[in-house]
Amino acid sequence: MPAKPDPQTPMYRVAYTRLSDVQIGAALAKVAKAGPACASPLSGDLAGKSIRIVTDKGPTLDYKFASDRQLGVSEDGGNAVSAGYGLLLQDHISLIAHLIPGTMRGYASVIDNRSGIATLFELWFGGYADKREVSREIYGGYVAVAGKPEPQRRHKASNRAEGKGFYWKQDTGFESLEYYPSAAYSHFVELTHSGNEMGYCAPSDYLRIDDDYYIYTRVECEFSGTLTLYVMDLNRQQQIGLRLGFDRLDALDYYLFRGKGEWLGQIAQFEKFGDTAGNVIPPPDNAKKGERRVYRPLQTMPRMSRAEVDKAVAEHRRVFASRTGAGSGASGMATNGVPPVEALACREFTLRYDDGPAIDYRVKDAETLSWRMAGGAWTEARYQAWESMPGVILFGHLLDGMPNHDGHMIVADFDAGLATCFNGTLKGPYFANEACARTLFGVVVGQGVPAPGTLRHQRTREMLGRALTWNYAPGLTSMHLYSTPQTVSWIIFTDSGAGGMAWSGPGDFVKIRDGLYFCYWLEDACNGTLGTILINMRTMHDAGIGYHCGMEGLSMSQIGAHGRHAGKYDVTRFFAGREG
Amino acid sequence: MSGMENDGIATRRSFLKSGAILAAPLGLAVPGAALAADDRAMRLARLEDEAAIRALHRDWLVRVNGRSVTADLCVSARAAACLGDEICGIIQDEDGVVEITANGERASGYYPCRIETESRMAAENTFAQMALAQGGGVTRTSEPRLLSVEYAKIADRWVIATVEAGTA
């Protein structure tokens, strides 16, 4: 995999260094005694004081704060060690962070100074096979005060932050969009440094302090492994937080930050009314400390060479087969699909793309067409078609004989004379079985079809920020989040209707008519499927086609699901000036 | 044609046609003086058979709902597995009907119930793989069905020969 760690390289393409214990330990040793950096003034409120944090199922920590930067800490009555620390205050909430010198561990504590309730995060490197990935264990607890009873409540894992979204700007100048469409994952878009408008997903924790304050974490698993932890004040739209981890150049980030935010909106939740539970994904069986279920798509994606792809495609091409087998991309995603139509049968027409080929079609019946390119020989192909709106036909077929195993997923508006094609190919530089896509705009030329002149379908921002649920089949429901002009994130619901695991990939969005949008997503570094859907926002039904290559061959499968509009985040302003 | 076969297993069709009528004699109170002694013995035997079959059915239900059906309740291991792995629960609110053949060697039971099924989705697309990875991916359904059970009496003990979950 190319290892260009420049900011525009998508995170899933960066070959992050597998750091060793020695490398991690050496980097931590440089900062453990000094404490975390911070662009804002740190608080000296604890200087000269001692506190004891008692946790329910974890350690008891005795702190003596020698100054505003140095502390001594004893774990479970053990010998005290000296470390640098940082303290940030936000109203009545404190965030304390420090490492344990000589180890790859540290702690972050969030304390509600009114109630004395505390949540302790134990943080460490080396808890996962890729040691740069930060692990965390969360302990509920309190600050023990002599003569004062122990508070009965604890900060609680909750789904009450689910559906919210914020723009954040840290005191470092770093800007991001952070979506919380799941109770177990989050989606983040780095507006600073990246420039590629991609969003990414990470396992997250959400703990409710009270109605105003929530604790949020994410660990950028499968990417840099960096932890971000902050307390957010929903009403004041402020945050105090910690960032710990190694960036794509292996430099250590260890700093506290303050941030100011802007509210992006609230999308719907789908749990039963009254269900506010957090921790919605059960831990794995016999989970070790800090272990949780994490979606790691590269562990299960078959990686094929170009020769393996050519062989698999030559041996097995399955176009709209009823079932194409395990791992075959979009198979099984059309139980709730719309039925195919015969609208193209017996028609002849040409699709002329502006920056692509002109393809002549002769359609024999509801499942067979012939195509030719540039006046060449006719090739017969199996296809299926769906009419999402009167006069608008989605159809797809493979182009046998093309060196990159092209598949065309086409929306042709016969009333307007316009066509848009998502052209899937297998020619990517990363994994040979990973689909690539390009968007072709063009016209339909045929008897009775109006000539549109220079008019074309256009890329659109009308889907940007929207979240739509898609129920493909009983028990199989996802939610799409169109988080940037070129990102589709998908969130999988748990049995209780909570947002669970999430992932994302590149996408494109084309407006076909009012209320009708043609979109694709690429499962880059994640099964390699190209999913294309024509979304009808009036019927709330989509019709789509999946294009996928795996060990079982090349397949083209129907996609179809019942939709629900979960809401829209107000993010268009963050992508201004880059329309189309 | 009578709803009950002479010496065969009563069919589900026969139950649907006249099950309520056929079931009634087992529960009717008939003056004892009107019955001959052997009739009384036969009737007692049939009541005992019905009680044994219903006890067997209750035992079987407990095991189905505990997902631990064992062959000792059935004529064979194949019979024990005839309902399919996807069925994870049977909720029966009505007693149903038990019909015993004239020779007392076979019987049929018909039980209106709700059958709950559970099936694990195939990992054939990314979304399904993610659902499975997060500990989900199991589809559950619950629908009204008519449970048709055939029984055989072997060595003076009733066992289950076949079980079918048909449309209610």
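The values are calculated or read from the model by the stated rules, or taken from the named source; none is laboratory data. As the structure is a computational prediction, the values presented were derived from the model and not from experiment. A quick note on method: Cβ atoms are made from the backbone with ideal geometry, for glycine too, and the neighbour counts reach across all protein chains shown. These area figures cover heavy atoms from the full protein model, side chains too; ligands, DNA and RNA do not enter into them. Shrake-Rupley method; radii C 1.70, N 1.55, O 1.52, S 1.80 Å.
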ask   = Which cross-chain or sequence-distant (5 or more) residues have an amide H under 5 Å from the amide H of A:ALA385, H modelled 1.01 Å from N in plane?
value = A:VAL341
request  = For the protein assembly as shown, just the Cα set please: Rg and Dmax, both in angstrom.
outcome  = 32.5, 104
ask   = What spacing in nm lies between the two simple spin-label points modelled at A:TYR430 and A:LYS148, each 7 Å away from Cα in the Cβ direction?
value = 5.0
ask   = What distance in nm separates the simple spin-label points at B:SER68 and A:ARG382, each placed 7 Å from Cα in the Cβ direction?
value = 4.8
request  = Please report Rg over Rh for segment A:164-232, where both radii come from the alpha carbon positions and Rh follows the Kirkwood definition.
outcome  = 0.95
ask   = Where both residues lie in segment B:25-168, what percent of DSSP beta bridges are antiparallel, nearest 5?
value = 95
query = For segment A:352-449, what are the per-bin percents of Cα-Cα distances with bins 10 Å wide, up to the bin holding the maximum?
reply = 15, 49, 30, 6, 0
query = For segment A:1-139, what log10 I(q)/I(0) values come out of the Debye formula at q = 0.11 1/Å, with one point per alpha carbon and no solvent?
reply = -0.47
ask   = So how much slack lies between A:SER40 and A:ARG236, counting 0.36 nm per residue of separation and subtracting their Cα-Cα distance, in nm?
value = 68.8 nm
Under 5 Å, built H, 5+ apart or other chain: amide partners of A:HIS397 = A:HIS408
Solvent exposure, largest accessible area first (probe 1.4 Å, DNA, RNA and ligands not counted), of A:THR300, A:THR572 = A:THR300, A:THR572
task = May I ask for the distance between the Cα centers of segment B:62-100 and segment A:440-489, given as a whole number of Å?
result = 50
request  = Quote the Stokes-Einstein diffusion coefficient, in whole µm² s⁻¹, for segment A:306-575, based on the Kirkwood radius over alpha carbon pairs, a temperature of 20 °C and a viscosity of 1.002 mPa s.
outcome  = 115
inquiry  = How much of the DSSP bridge set in segment A:306-575 is antiparallel, in percent, rounded to the nearest 5?
reply    = 95
note = Taking segment A:11-266, the equivalent ellipsoid from its C-alpha gyration tensor has semi-axes in Å, biggest first, of 27, 23, 16
request  = In nm, give the distance between the simple-model label positions of A:THR368 and B:ALA55, each being 7 Å from the Cα along the Cα-to-Cβ direction.
outcome  = 6.7
request  = Work out the length of the dipole vector of the protein assembly as shown about its Cα centre, built from +1 on the beta-carbon of each Lys and Arg and -1 on the beta-carbon of each Asp and Glu, and round it to the nearest 20 debye.
outcome  = 1260
inquiry  = From the phi angles alone, apply the Karplus equation (6.51, -1.76, 1.60; θ = phi - 60°) to segment A:288-297 and give each ³J(HN,Hα) in whole Hz, x where the residue is Gly or Pro.
reply    = 7, 3, x, 7, 8, 6, 10, 6, 10, x
query = Roughly how crowded by other chains is peptide A:486-497, in terms of the mean Cβ count from those chains within 10 Å of each of its Cβ atoms?
reply = 3
remark   = The alpha-carbon center of segment A:333-394 and that of segment A:163-188 are separated, in whole Å, by 42
note = Of the candidates A:VAL338, A:MET304, A:PRO101, the farthest towards the positive dipole end of chain A (Lys/Arg Cβ +1, Asp/Glu Cβ -1, centred on the Cα centre) is A:PRO101
query = A:LYS364 accessible area, nearest 10 Å², 1.4 Å probe?
reply = 130
remark   = Checked segment A:196-249 against the a/c 1.5 cut and the a/b vs b/c comparison, axes a ≥ b ≥ c from its Cα gyration tensor; verdict prolate
query = Using the beta-carbon distance between A:ASP56 and A:THR17 and R0 = 41 Å, what value does 1/(1 + (r/R0)^6) give for FRET efficiency, to the nearest 0.05?
reply = 0.65
note = quick note, the protein assembly as shown, DSSP beta bridge pairs, % antiparallel (nearest 5) is 95
query = Once you treat every alpha carbon in segment A:211-324 as an equal point and sum by Debye, what is log10 I(q)/I(0) at q = 0.16, 0.23, 0.24 Å⁻¹?
reply = -1.04, -1.38, -1.39
note = HN-Hα couplings for segment A:508-524 via Karplus (6.51, -1.76, 1.60; θ = phi - 60°), in whole Hz with x for Gly/Pro, come out as 8, 9, 10, 8, 9, 8, 4, x, 10, 10, 9, 10, 9, 9, 10, 8, 4
query = Hey, how many Å between the Cα centroid of segment A:502-527 and the Cα centroid of segment B:111-149?
reply = 30
inquiry  = Give me the percent relative contact order of chain A, please, defined on Cα pairs under 8 angstrom at least 6 residues apart.
reply    = 12
query = Among A:VAL14, A:SER74, A:VAL363, whose Cα sits farthest toward the positive end of the charge dipole of chain A (+1 at Cβ of Lys/Arg, -1 at Cβ of Asp/Glu, about the Cα centre)?
reply = A:SER74
note = Largest-first ranking of A:LYS568, B:LYS153 by accessible area, probe 1.4 Å, whole protein assembly kept, is A:LYS568, B:LYS153
Amide hydrogen neighbours beyond the local backbone of A:ALA34, cut-off 5 Å, H modeled = A:GLY84
inquiry  = Could you give each residue of segment B:155-168 its phi-based ³J(HN,Hα) in whole Hz, using Karplus coefficients 6.51, -1.76, 1.60 with θ = phi - 60°, and x for Gly or Pro?
reply    = 6, 6, 10, 7, 9, 8, 9, 8, 10, 10, 10, x, 5, 6
note = Per the 1/(1 + (r/R0)^6) rule, R0 = 51 Å and r from the Cβ atoms of A:TRP263 and A:ALA66, FRET efficiency to 0.05 is 0.80
